[in-house]
Amino acid sequence: MITTILWDVDGTLLNFIAAEKAAMKALFKEYGLGECSDERIQRYSQINRKYWERLERGEITKREVLVGRFIEFFEEEGIDISIAQEFNEKYQLRLGDTIVYCDDSLDIIRSLQGKVKQYVVSNGTVAAQTKKLRLSGIGEVMDGIFLSEELGTEKPNIGFFDKVFEAFGEVDKKQILIVGDSLTSDIKGGNNAGIITCWYNPGKKKAAEEYKIDYEITDLHEVYEILFPL
Ligand SMILES: [Mg+2]
């Protein structure tokens, strides 16, 4: 029986693409950088993904992700890279401004209150996530929030999960489910930690063999079947 859910936030409970788009468009306007087309955002998104994957493999630091992605993106777009650091700081706050739920995530987590313990496990920045979790109402539903920046280590590292389990006190890993959209951070992290994994895969992507995926869902409502099988 699953008693505890560890929820990823970006791309799982909240639509990250929508927030990213809105934040970029707003900042391009603020800095007078011209039109931020969808193609431009897509190019940024690819660079961003690449940097996060490097972090997940332990090749670079979080700081290098946050500023480095904008330096590379600005270089490619012919934009002055000296604004990268400040742009990133503003971007973090802007990211928290646009709240779009995945499926009916807020209703779902609300309906699970009192039935299972629920925690956020996120690699997002404290600045962005704090705002997002407050404005979305997700924060107040959770029994606890674990942000990598505060723990000093990221998913998929076992150290991240060790700190989470430490906070729980007694832990039965067979009763803990992680739900997330990322194979490289959520599923790999769950595998490293020895807990049950649920891959939220609305895009119906193919997964590499190396991941141990216990459940795969394309809609968050499917968690009910995992939690309360007939
Ligand atoms: Mg995610």
### Query
When we measure straight from the Cα of K173, which lysines land under 17 angstrom away, once same-chain ones fewer than 8 places off are left out?
K117, K155, K163, K188, K212
### Query
So how tilted is helix 38-56 from the main axis of the chain? Cα-based, degrees 0 to 90, rounded to 10.
50 degrees
### Reachable lysines, given that their alpha-carbon falls under 19 Å from the alpha-carbon of K90 and they are not under 8 places away in the same chain
K21, K25, K29, K62, K131, K132
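Only loop residues by DSSP count here, and only those with at most 14 other Cβ atoms within 10 Å; note down the trypsin sites (Lys or Arg not before Pro) in segment 1-104 that meet that. Write down the numbers at each step before the final one.
Working: sites: K21, K25, K29, R40, R43, R49, K50, R54, R57, K62, R63, R69, K90, R94; in loops: R57.
Those satisfying the criteria are R57.
Throw me the Rg/Rh for segment 1-72, computed over C-alpha atoms with Kirkwood Rh, two decimals.
Values: Rg = 15.0 Å, Rh = 14.0 Å.
So for segment 1-72, dividing Rg by the Kirkwood Rh gives 1.07.
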### Task
Bin all alpha-carbon pair distances of the chain at 10 Å intervals from 0 and give each bin's fraction as a whole percent.
7, 33, 36, 18, 5, 0
### Query
What angle, in degrees between 0 and 90 and rounded to the nearest 10, separates the Cα long axis of helix 84-95 from the longest principal axis of the Cα atoms of the chain?
50 degrees
## Note on the structure
Rounded to the nearest 5, the percent of DSSP beta bridges in the chain running antiparallel is 5 percent
### Point-to-point label distance, K29-L230, nm (Cα→Cβ direction, 7 Å offset)
4.9 nm
#### Entry: Using θ = phi - 60° and Karplus 6.51 cos²θ - 1.76 cosθ + 1.60, couplings along segment 140-154 (whole Hz; Gly, Pro as x)
6, 7, 6, 7, x, 10, 10, 10, 4, 4, 7, 7, x, 7, 10
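Normalised by the empirical 2.2 N^0.38 Å for globular proteins, what value does the Cα Rg of segment 103-188 take? Walk me through the numbers before you get to the answer.
Working: Rg = 12.9 Å, N = 86, 2.2 N^0.38 = 12.0 Å.
In units of the globular-protein estimate, segment 103-188 measures up at 1.08.
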### Message
Can you compute the helix-only [θ] at 222 nm over the chain? Use -39500 (n - 2.57) per DSSP H run of at least 4 residues, normalise by all residues, nearest 500 deg cm²/dmol.
### Response
-14000 deg cm²/dmol
### Message
Can you give me the angle between helix 126-136 and the longest principal axis of the chain, using Cα atoms only, in degrees from 0 to 90, rounded to the nearest 10?
### Response
70 degrees
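Which of Y119, Y215 has the fewest other C-beta atoms within 10 Å, and how do the rest follow up to the most? Please list the in-between numbers first.
Numbers: Y119 19, Y215 15.
Exposure proxy ranking, most exposed first: Y215, Y119.
Rule-based calculations on the coordinates, nothing more; no lab input. Nothing here was measured: the structure is a model prediction, and the numbers come from that model. Every residue, glycine as well, gets a Cβ built from its backbone with ideal geometry; the counts of neighbours run over all protein chains shown.
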